[in-house]
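See structure below.
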Amino acid sequence: MLARLQSHAVLGMDACPVEVETDLGWGLPAFSVVGLPDVAVREARERVRAGIANSGYEFPLRRITVNLAPADVRKEGPAFDLPIALSVLAASDQLKSGLLSEYSVVGELSLDGGVRRINGALSIAEGARQAGYKGIVLPAVNAREAALVDGLEVIGVRDLGQAAAFFRGELSIEPVPVDTASLLSGGNGHHPDLSEVKGQQHARRALEVCAAGGHNLLMIGPPGSGKTMLARRLPSILPPLQIGEAIEVTRIYSVAGLLDGSPLISTRPFRSPHHTISHVGLAGGGRTPRPGEVSLAHMGVLFLDELPEFSRLALEALRQPVEDGAVTISRALASVSYPARFMLVAAMNPCPCGHLGNPQNQCLCPPQKVMTYRSRLSGPLLDRIDVAVEVPALTKRELLSASRSESSAAVAARVAGARKIQTARLAGTDIFFNAQMGSRQTSRHCPLTGTAMAMLESAVERLGLSARAHQRILKVARTIADLDGRDELDAAHLAEAISYRSIDRRGWNGR
């Protein structure tokens, strides 16, 4: 007898419909799964066999063939356990229901018939809604996550017996409701406050400008000057996530299997990988493509401390996602894309020992060693940095001062005001803040006064700026003007933006 049941496979950020076909034939007892399954799917045979028997059902001693269609799409992971088990029960006349064609079913089985958590439930739920299914049956622990998708019945089950009873109509399970707005408002979390940072007014101002315009930031200074402290306080001045942004971030973490209890990521991500990370770990990939740190930082901050210590491959892998806001991973059987629209914040020492230019400690690095250290950062990568500031060592007076600096709340209010101006200016486009503007928007929205134009021409000639660096100066100046509530960019705005291009000074890295 033949039975059919609907399921989904996760491919990158999306879900592909999969039809689970089960045929019970005559012959020696056997159980085979076809349709391009990976090892985890092939091992489902043993989990399904034990789960059916331990749930009080009879496992048919027939020649069982399970086909996962379409056969040219690779099926990965244990999420097909539950639909395979239900289709075996349907094919052996132990489950008769007209509901099987109306719901997509996913879930991993334990040997006692329990249903375990899966990855990518939010993407699968979205795929089921787009495919026109009435609802989705999945593990109860994933139900609140999947319920973030509107217009879809989400049925959470704890074991195989409960799922079978639901499809037979013997058990009524109410769809899981979720109040997305309350989840978002109740999870803003606690971030370290900027008021805890002593001194560093120039760096604090750069942090505010970057937060207001979504710009990339590089901080250069000796050890202990507060670079990491500043970076970790950046999320406290960023605008809170909107509902659409939060769901998009949650989809990435769901696919990566990194959701920890809460069904919704409600705060902007802050990722800080160690400098020993591989380029695959940073950009994503692997035999089974998975999101990397650049995607896990989507809508948030990617902080790279000790930037020159990262491998050359890892640093160069940043270039595409920083520029495009996405990363594409190509393999023989498929090509997947993950969003990667993040703020890049990096920190580095001015030299290998870290004390170049520090009056309190003498630098012993020879000039050639300093140049070699700085040349680990390629020109194309540095061109993608909007703001570069020096963070000098604190003086004794600053270090021992008992006074507190301006709080994150005060800075966040100015940042929110600037973002509101940008949102209104860029309405009707798919970009939301200045750093995302292309050349067309930059030319349109960055009008310069005559004095400012002369200053920019002089800076381009003196610093030897590339076309990309020139555009980034204009966008930073636009953000500074937004913080100032001005429409036209004057000389003061442009001068401040140019002051943030210390990496373009001749001789900085041997250029």
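Consider Ala435 carefully, then state whether it is buried (at least 19 other Cβ atoms within 10 Å of the Cβ), of a type in the set (Gly, Ala, Ser) and touching a His at 6+ places or on another chain (Cβ under 7 Å).
Working: buried (at least 19 other Cβ atoms within 10 Å of the Cβ): yes; of a type in the set (Gly, Ala, Ser): yes; touching a His at 6+ places or on another chain (Cβ under 7 Å): yes.
Yes; evaluated as a whole, the condition is true for this residue.
Looking at (1) in a helix (DSSP H, G or I); (2) more than 21 Å from Glu153 (Cα to Cα), find the lone condition where Pro78 falls short.
Unmet for Pro78, out of (1) in a helix (DSSP H, G or I); (2) more than 21 Å from Glu153 (Cα to Cα): (1).
For the condition open to solvent by 50 Å² or more (accessible area, probe 1.4 Å), on the phi < 0 side of the Ramachandran plot and within 28 Å of the chain's Cα centre (by Cα), what is the one hit in Ala424, Ala467, Ala402?
Of Ala424, Ala467, Ala402, the one residue that is open to solvent by 50 Å² or more (accessible area, probe 1.4 Å), on the phi < 0 side of the Ramachandran plot and within 28 Å of the chain's Cα centre (by Cα) is Ala424.
Looking only at the range 293-324, count how many residues are in a loop (DSSP other than H, G, I, E, B) and either on the phi > 0 side of the Ramachandran plot or touching a residue at least 40 places away in the same chain (Cβ under 8 Å) (or both).
Matching residues across the range 293-324 total 7.
Farther than 30 Å from Ser378 by Cβ, open to solvent by 20 Å² or more (accessible area, probe 1.4 Å) and not in a loop (DSSP other than H, G, I, E, B) - does that describe any residue in the range 226-241?
Within the range 226-241, one or more residues are farther than 30 Å from Ser378 by Cβ, open to solvent by 20 Å² or more (accessible area, probe 1.4 Å) and not in a loop (DSSP other than H, G, I, E, B).
Can you go through Glu208, Glu196 and tell me which one is open to solvent by 20 Å² or more (accessible area, probe 1.4 Å) and either out of contact with any strand residue (DSSP E or B) (no Cβ under 8 Å at 6 or more places or on another chain) or on the phi > 0 side of the Ramachandran plot (or both)?
Only one candidate qualifies: Glu196.
Taking Arg271 as the residue in question, decide whether it is under 30 Å from Pro352 (Cα atoms) and among the basic types (Lys, Arg).
The answer is yes for Arg271.
Tell me which of these Arg42 doesn't satisfy, since it passes every other one: (1) over 17 Å from Gln94 (Cβ atoms); (2) buried (at least 20 other Cβ atoms within 10 Å of the Cβ).
Answer for Arg42: the failing condition is (2).
Does the range 433-462 hold any residues that are outside any helix (DSSP H, G or I), touching a residue at least 24 places away in the same chain (Cβ under 8 Å) and closer than 19 Å to Asn216 by Cβ, and which are they?
Within the range 433-462, Phe433, Met437, Cys446 meet the criteria.
Could you check Val476 against (1) more than 19 Å from Ile421 (Cα to Cα); (2) open to solvent by less than 50 Å² (accessible area, probe 1.4 Å) and say which number it fails?
Result: Val476 fails condition (1) only.
For the range 245-265, give me each residue that is closer than 16 Å to Ser185 by Cβ, in a loop (DSSP other than H, G, I, E, B) and open to solvent by 20 Å² or more (accessible area, probe 1.4 Å).
Passing the criteria: Ser262, Ile265.
The values are calculated or read from the model by the stated rules, or taken from the named source; none is laboratory data. Just so you know, these numbers come straight off a predicted model, no measurement behind them. FYI the Cβ positions are ideal-geometry reconstructions off the backbone, even for glycines, and counts take in every protein chain you see. These accessible areas exclude ligands, DNA and RNA; they are computed on the full protein's heavy atoms, side chains included. Shrake-Rupley method; radii C 1.70, N 1.55, O 1.52, S 1.80 Å.
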